[in-house]
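Okay, so here's the structure we're looking at.
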Amino acid sequence: MRFFSKLGWALGVSALAASGASFPASAETMSGALSRAYSNNPDINQQRAAVRARDEQVPTAKAGWLPHASGNLNAGRQVSEISNLFGQGGNTKYGAFPRGSGAQVTETVFDGMRTANSVGQAESSVLQARETMRETEITTLQAGATAYMDVLRDTAVLGLRANNIKVLEVQLQQTRDRFQVGEVTRTDVAQAESSLATGRADYAVAQSQLETSVANYRRQIGVPPKQLQPAQPIEKLLARTVDSAILIGLEENPAILGALHQVDAAQAAVKVAEGALLPTATVQGQVLQTNDTSGFPNYNQWSVSVVGAINVPLYQGGAEYAGVRQAKETLGQARLAVDSQRIAVRAAVASAWGQLQAARAQIISFQAAVRASEVALNGVREEAKVGQRTTLDVLNAQQTLLNSRVQLVTAQHDRVVASYAVMAAEGRLTAEGLGLGVVAYNPDIHYQQTKNRFIGLDTPDGR
């Protein structure tokens, strides 16, 4: 039987070649599996919630532009006694119920631009959170694609191991038959028995590996794998050269873009800290109504006041200066983080690209190895029939063919996985970039719903 006569990226095809099975029409596809992961993976949904929470920092910062209003009520019982200074008429007692109500409104006219800079910091923080969400999306889709291919690879390897056991069982039976008629020795039988035992052990290992891959698939996709269809590499979606891929990664990778937004937020934080050294101007309006004031019945008071105030900080122990210095160091750290991310992205693209090229070359080599091993095995078997080869030669040739087939399966797996890794490093491995048939999550919807919402406890989704 000739395995892998054509270059097929589907590891399922490799498995089918070993088992002779076929896929039903209702099999799962890579696109369908990744769509499930995009919609249901808890890591993505958790990060979406984190972005919605970050959106609330914008109206929180804008609150500095709005007036602060408060009201108060007070009531009590008071008894007063006044002595007659001239000793006539004795002391006079008064019983009253002093009570009052009031309202106060304070508006900050100038706060050293701290509110404006805080809003800018919050907006940059929102954009940074969105890039983190996109990075989580890329990581999840890459992990989902890898899990998908792992199941296909391990299914194919398990099929090869199972087929190998059948071949070794036949080989053992033939060796025993030949031993009965004196054509081979007991050593030949032992060698065949040893190879069969090793093949069964390898099958158990392959079975365990498949179970591990199935569990990981369920963790990434959300459902157990069922009848996975062959998958192909996405090389058509990639840049043509490694240099082009690196340039794309430096421009679009969310790790870099998120770090740049973090720099913007840190710059705004410096200005916020510097604002603490500037004057603050406020206007306060107050309305106050009191009854039975100071414990005297019917002694009522009503007042209205509007007061403007300017506070000029002179020295408060140096905390503001330390805050400015700390913010500047944080800004420097954020800028260094951008450089670090660029280095990391460049290395990730180059590494994934190298793995993709290596897998391509390996597939060609292992295809040739499989063809040569098949010819060699058939020749060794024929030579063994006329006594020119030993049983060990046949077993070694069988093992060599098996190893070549497993290596080809692995190389096919690696090529698909590496193609997804390159696209992930470029920053384009998203639902939109892959053309998945899902409704893309739009974080701007929630942002627009909340950025100017200054009252209310319920969230836009009703919680």
Considering only residues that are of a type in the set (Ser, Thr, Tyr) and buried (at least 16 other Cβ atoms within 10 Å of the Cβ), look in the stretch 195-224 and name the one that is nearest to the chain's Cα centre (by Cα). 217
Please identify the pairs in which a residue from the stretch 179-207 that is over 27 Å from residue 156 (Cα atoms) has its Cβ atom under 7 Å from the Cβ atom of a residue that is surrounded by fewer than 14 Cβ atoms within 10 Å (Cβ to Cβ), counting only partners at least 6 apart or on another chain. 179/186
A careful count of residues in the stretch 255-292 that are of a type outside the set (Gly, Ala, Ser), under 19 Å from residue 121 (Cα atoms) and buried (at least 17 other Cβ atoms within 10 Å of the Cβ) gives 12
Out of all the residues in the stretch 296-307, is one or more part of a helix (DSSP H, G or I), farther than 26 Å from residue 69 by Cα and in contact (Cβ under 8 Å) with a residue 24 or more places away in the chain? no
Filtered residues of the stretch 224-253 (kept if closer than 17 Å to residue 417 by Cα and in a helix (DSSP H, G or I)): 235, 236, 237, 242, 245
Among (1) farther than 30 Å from residue 40 by Cα; (2) of a type in the set (A, V, I, L, M, F, W, C); (3) crowded, with 17+ Cβ neighbours inside 10 Å; (4) under 46 Å from the mean Cα position of the chain (by Cα), residue 192 falls short only on (4)
In contact with a helix residue (DSSP H, G or I) (Cβ under 6 Å, 6 or more places away or on another chain) and more than 22 Å from residue 51 (Cβ to Cβ) - does that describe any residue in the stretch 123-145? yes
Test residue 288 against the criterion of being in a loop (DSSP other than H, G, I, E, B), within 22 Å of residue 107 (Cβ to Cβ) and hydrophobic (A, V, I, L, M, F, W, C), and give yes or no. no
Count of the stretch 166-178 residues which are in contact (Cβ under 8 Å) with a residue 24 or more places away in the chain and under 50 Å from the mean Cα position of the chain (by Cα): 3
If I go through the stretch 268-285 residue by residue, how many of them are more than 18 Å from residue 65 (Cα to Cα) and part of a strand (DSSP E or B)? 0
Look through the stretch 359-404, keep the residues that are among the charged types (D, E, K, R) and more than 27 Å from residue 178 (Cβ to Cβ), and return whichever of them is surrounded by the fewest Cβ atoms within 10 Å (Cβ to Cβ). 371
If you check residue 336 against the conditions, is it hydrophobic (A, V, I, L, M, F, W, C), part of a helix (DSSP H, G or I) and touching a residue at least 24 places away in the same chain (Cβ under 8 Å)? no
Hey, can you tell me all the residues within the stretch 68-93 that are surrounded by 12 or more Cβ atoms within 10 Å (Cβ to Cβ) and modelled with pLDDT of 80 or more? 68
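The values are calculated or read from the model by the stated rules, or taken from the named source; none is laboratory data. Because the structure is a prediction, the values reported are computed rather than measured. Heads up, the Cβs are rebuilt from the backbone with ideal geometry, glycines too, and the neighbour counts pull from every protein chain shown.
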